[in-house]
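One structure follows; several queries about it will come next.
The values are calculated or read from the model by the stated rules, or taken from the named source; none is laboratory data. Computed from a prediction, not measured in an experiment: that's the story for all the values here. Quick reminder, even Gly has a Cβ in these numbers, built from the backbone with ideal geometry, and neighbours come from all protein chains shown. Accessible surface is based on the protein model in full, side chains and every heavy atom, while ligands, DNA and RNA are left aside. Shrake-Rupley method; radii C 1.70, N 1.55, O 1.52, S 1.80 Å.
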Amino acid sequence: MNTPLGRFGGIFADLSPVDLGAIAMRAALERAGVSGEALDLYIFGNVLNAGHGQSLPRQAAFKTGIPEKVKGYAVNFCLFFFSSSDFSLPN
């Protein structure tokens, strides 16, 4: 799931990154048809994490209702501009 893109000061200006993350996580769970309790692990990617408090993924997970016992981690960089053809696998 990706959160929508917007402009600085635009329609999402009143939503925190945690709120946007929780919306995306909730939608991913609904789309997959699983509950947060059924997860073993979640992976959360965000590009700009500075200034938004500690552990943005953890905060979003809690807001989504994912239990504290479920482990998760963040990917703090973005590779969306690469296509699969940019990577080659060894034979």
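If ligands, DNA and RNA are left out, what is the accessible area of Glu30 with a 1.4 Å probe, given in Å² to the nearest 10?
140
To continue, here is another question. Can you list residues from other chains, or at least 5 along the same chain, whose modelled amide H is less than 5 Å from the amide H of Gly45?
The list, which skips near neighbours in sequence, is Val75.
Would you please give the residues with an amide H less than 5 Å from that of Gly72, counting only those at least 5 places away or on a separate chain, with H modeled from the backbone geometry?
Correct list: Tyr42.
Under a crude label model (7 Å from the Cα following the beta-carbon direction), how far is Glu37 from Asn76 in nanometres?
Calculated label separation equals 3.3 nm.
How far is it, in nm, from the label point at Phe62 to the one at Asp19 when both lie 7 Å from their Cα along the line to the Cβ?
In this crude spin-label approximation the distance works out to 1.8 nm.
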